[in-house]
Amino acid sequence: MSHMLQPPIVLLREGTDTSQGRAQIISNINACQSIADVVRSTLGPRGMDKLIHQANGVTITNDGATVLKLLEVVHPAAKTLVDIAKSQDNEVGDGTTSVTLLASEFLKEAKAYVEEGLHSQVIIKAYRKAQQLAIAKLKELAVNLQTKNVEEKVTMLRRCAETSLNSKLLASYKSFFSEMIVKAIEHLDEDFGLSLLGVKKVTGGSVTDSFLVDGVAFKKTFSYAGFEQQPKSFKHPKILLLNLELELKSEKENAEVRIEDPEAYQSIVDAEWNIIYEKLDKIVATGAQVILSRLAIGDLATQYFADRGLFCAGRVADEDLQRVAKATGGIVQTTVNGVTEKVLGTCGYFEEKQVGGERFNIFIDCPQSRTSTFVLRGGAEQYLDEAERSLHDAIMIVRRANKSTTVVGGGGAIEMELSRYLREYSRSISGKQQLIINSYARALETIPRSLADNAGFDSTDILNKLRHKHATGKDGRWYGVDMVSEGICDTIESFVWEPTVVKLNAIASATEAACMILSVDETVRNPQSQQAQAAPGGGRGRGMPPGMGRGRGLRAMRGRGGK
């Protein structure tokens, strides 16, 4: 009896919140499902947009990764879905909503087994097996377009771009922008570095007024008197890039210069002018016709260059200066001493052009590195921001398709075919894994179901037709949701194509996230330590009673569904 009278051993600080066991797993699943419900209606060509209002402005978007990022999710398990959406966006650029919905649906199917007392590790083992089978089948089904000629490959890339833009704000202009995107990708070097692709936004005008610059373009910077006298175009100019200030320096505050002779004061003034003139003379001696600087170019220097028929621009953004350096072959200089022709860049043609209410400096036919710049036009700033996000996704898709050259059918076709394959496989095995792999197959159907629901179709009728068509064999494997005729269609024949890498990454990431959440059976949170971290900075937790601030939202989401 003595061992029963021993006091309990306290391992955690007083006030620490611990949740564990089956109820914790179910609670985490519920939190993830609530996150997926937010982005579910954004999937597909008929998906709805979300308006997110924050202190610094309003964002209107249907991009899954953007929505999840702006929601600022604090629940530790639900943040996993945010992380996989970010990784999908960084890796392939599109499919962020799909990966979130798949992970949520895998967890939803697993929830019933957890509630019945099945151990999480059994579910995880079956899910990993189903993932291996699905990925192997996906690679087997992929259509390889590598043998196509150049013209057919360009057509393939345009189809992939149009499929990506179908669910975006620019869906009505997908043919216009897909051609522009493919041209931009073709201009890039073999490494397809995205840093060489620029996107500039100009409010006003129609969307179709947007254009692609085969080179570098950036908005005209702040200019001084004398700027309008400078020439605005050159053929094959020499370009000097500087990280140097070209204006008269005023003395620092409280500076004191003691002189006994009034002529000495004039010598000091003359010295200041001589310094700036010496710099300007050395720049002109280099033979450069276009001078760009990250720092200010003052009114004296501007007029000096204008008198000699040269163009200059100061306060150029660092990103634009680096792109000009890469494209023209120039090297940014921090001094004008010892400047040789080797550090000067060049391009085929330079001009300053009026675009809407803005003026742009444009460098075309850059020899050193192929680069492109999109100039987007549109009515509102929010519209242009969403158009830029849409372009980013389509650019990433075309970039990936150009590397991998294998595609699969979109519109939920590949998910239905994988679901059929896994159902057939589950019938060939016995035990608990048969039920779990069958549930995994059923979870894959959430993509075509959500596509149909978001378009206002009868998803039950659509799914029944798809199951029947995919059961017929090889002829029906590429049938997916037809958004035009409210039925089903062959997505390969209809040119609804997606790069294989998008689906590979989505299935792998979603399964890994689901398995990780299922493997967590305890969450430990110490509110006192959170308050201690927040107090010195005077943040939201300062002066609040326990349970308020950050911890409150955390408890609220975690407590949903079972605890």
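The values are calculated or read from the model by the stated rules, or taken from the named source; none is laboratory data. Here the structure is a predicted model, which is why all the values come from computation and not from measurement. Here Cβ is always computed from backbone atoms with ideal geometry, including for glycine, and neighbour counts include all displayed protein chains. The accessibility values were calculated without ligands, DNA or RNA, using every heavy atom of the protein model including side chains. Shrake-Rupley method; radii C 1.70, N 1.55, O 1.52, S 1.80 Å.
Once semi-axes √(5λ) of the Cα gyration tensor in Å is calculated for the structure shown, the corresponding label among (1) 41, 28, 25; (2) 51, 26, 21; (3) 55, 35, 19 turns out to be (3).
The calculated 222 nm mean residue ellipticity attributable to helices in the chain amounts to -15500 deg cm²/dmol, summing -39500 (n - 2.57) over DSSP H runs of n ≥ 4 and dividing by all residues.
Below 14 angstrom from the Cβ of GLY204, what's the summed charge of the other residues (Lys, Arg +1; Asp, Glu -1)?
After counting each charged neighbour, the total is +2.
Taking every protein chain into account, the accessible area of segment 121-163 amounts to 54 square angstrom per residue (probe 1.4 Å). With the highest mean first, a sort of the peptides 379-385, 407-413 on other beta-carbon atoms found within 10 angstrom per residue produces 407-413, 379-385.
Starting from a Cα-only point model with no solvent, please compute log10 I(q)/I(0) by Debye for segment 330-468 at q = 0.09, 0.13, 0.22 1/Å. With no solvent term, the Cα-only Debye profile gives -0.61, -0.86, -1.27.
Cβ-Cβ distance of LYS219 and HIS119, R₀ of 56 Å, FRET efficiency by 1/(1 + (r/R0)^6): the value works out to about 0.40.
Which links in LYS50/LYS469; LYS86/LYS219; LYS168/LYS238; LYS69/LYS403 stretch past 32 Å when you go from one Cα to the other? LYS50/LYS469; LYS168/LYS238, as the Cα separations exceed 32 Å there. What is the helix-to-structure angle for 150-166, meaning the angle in degrees between its Cα long axis and the longest Cα principal axis of the chain, kept from 0 to 90 and rounded to the nearest 10? Orientation of helix 150-166: about 70 degrees from the principal axis. Modelled spin labels at GLU522 and GLN368, positioned 7 Å past Cα toward Cβ, are 5.8 nm from each other. Multiplying the residue separation of GLU186 and GLU151 by 0.36 nm and removing their Cα-Cα distance gives an extension gain of 11.4 nm.
Counting only lysines at least 8 places from LYS111 when in the same chain, those with an alpha carbon closer than 21 Å to its own are LYS79, LYS125, LYS129, LYS432, LYS563.
Look at the dipole of segment 197-270 built from charges on Cβ: of LEU241, LEU212, PHE227, the Cα furthest out on the positive end belongs to LEU212. Candidates ILE268, THR328, ALA317 compared by Cα position along the dipole of segment 255-330: farthest toward the positive end lies THR328, with charges placed on Cβ. Largest to smallest in accessible area, the residues TYR224, TYR127 fall in the order TYR224, TYR127 (1.4 Å probe, all protein chains included).
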